[in-house]
1. Length gain on complete extension for the stretch GLU34 to SER176, per 0.36 nm per residue less the alpha carbon to alpha carbon distance?
2. Which loop-located GluC sites (Glu not before Pro) does the stretch 115-217 contain, where loop means any DSSP state but H, G, I, E or B and the Cβ has at most 15 other Cβ atoms within 10 Å?
3. Label points 7 Å out from Cα along the Cβ direction at ALA111 and GLU95: separation in nm?
4. Of the candidates ALA141, ALA111, ALA178, which one comes out as most mobile in a Gaussian network treatment of the chain with C-alpha springs shorter than 10 Å?
5. Toward the positive end of the charge dipole of the stretch 2-214, about the Cα centre and with charges on Cβ (Lys, Arg +1; Asp, Glu -1), which of LEU129, VAL192, THR70 goes farthest?
6. Using r as the Cβ-Cβ distance of ARG195 and THR62, and R0 as 41 Å, what FRET efficiency do you calculate, to the nearest 0.05?
7. What is the magnitude of the charge dipole of the chain about its Cα centre, with +1 placed on the Cβ of each Lys and Arg, -1 on the Cβ of each Asp and Glu, and no other charges, expressed in debye to the nearest 20?
8. With a 10 Å cut-off between alpha carbons and a GNM built on the chain, which of THR112, THR62, THR32 moves the most?
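Quick note: the coordinates plus some simple rules give every number you see, no bench work behind them. Just so we're clear, the structure is a prediction, and the values are computed from it rather than from any experiment. Cβ atoms come from the backbone with ideal geometry, glycine included; neighbour counts cover every protein chain shown.
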Amino acid sequence: METLVVDHPLVAHKLTTLRDVRTDSPTFRRLTDELVTLLAYEATRDVRVTEVTLRTPLVETTGTQLSRPTPLVVPILRAGLGMLDGMTRLLPTAEVGFLGMARDEETLQPATYADRLPQDLSGRQCYVLDPMLATGGTLAAALKLLVERGADHITAICLLAAPEGLVAVERKLAESLAPDHGATLRVVTAAVDERLDDNGFILPGLGDAGDRLYGCA
């Protein structure tokens, strides 16, 4: 599994404001949207394209367009919804599927409560939206589901990641997927933070992304 930390002054600037406890929900939502668009720009460098022929007002030439089947964007509910507009701004023709996964705050294990994804994802590139890669359980479960349905190139876009979470995702996938599954797995994030606290929250982090996006627990 590859991890890409996007090193860019605008990414760092927006992330700093997201971390600030004084940032209110409307500002947090707007900055999340802007930050995801920046992350998506890097995350889609390997999006599949085909060459096409077209005519400009002057001459015939060649260009590039997204290949079919089009990419599938998968926000993990609920906090992943706050990242959806920023992603589809760059991929307006992408399809969108929804995956509801909640972390039990006592066991820290994920539970799936909603699945609105195609059963057959053969040959699909998927972009999973999950703001916080903390313990890694939720993301690992989501990636495993997509691979089992045939997706062969999956990129997770996270605002923040914890070192323990990255290690856990790689370990859980190695344990649960066949060695010859053939899928390419990546994580694109704005930063890898210091560690998790005893409750499984990222430090220094930015708090609970869902609560800060929508203003309620």
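1. Working: separation 142, 0.36 × 142 = 51.12 nm, distance 3.45 nm.
Here the answer is 47.7 nm.
2. Values: sites: GLU148, GLU164, GLU170, GLU175, GLU194; in loops: GLU194.
Answer in residue order: GLU194.
3. Taking the two extended label points, one gets 3.0 nm.
4. Residue with maximal mean-square fluctuation among ALA141, ALA111, ALA178: ALA178.
5. THR70
6. Numbers: r = 49 Å, r/R0 = 1.21.
The value I calculate is 0.25.
7. Values: 21 positive and 30 negative charges, 124 e Å.
That gives a dipole near 600 debye.
8. Of THR112, THR62, THR32, the most mobile in the Gaussian network model is THR62.
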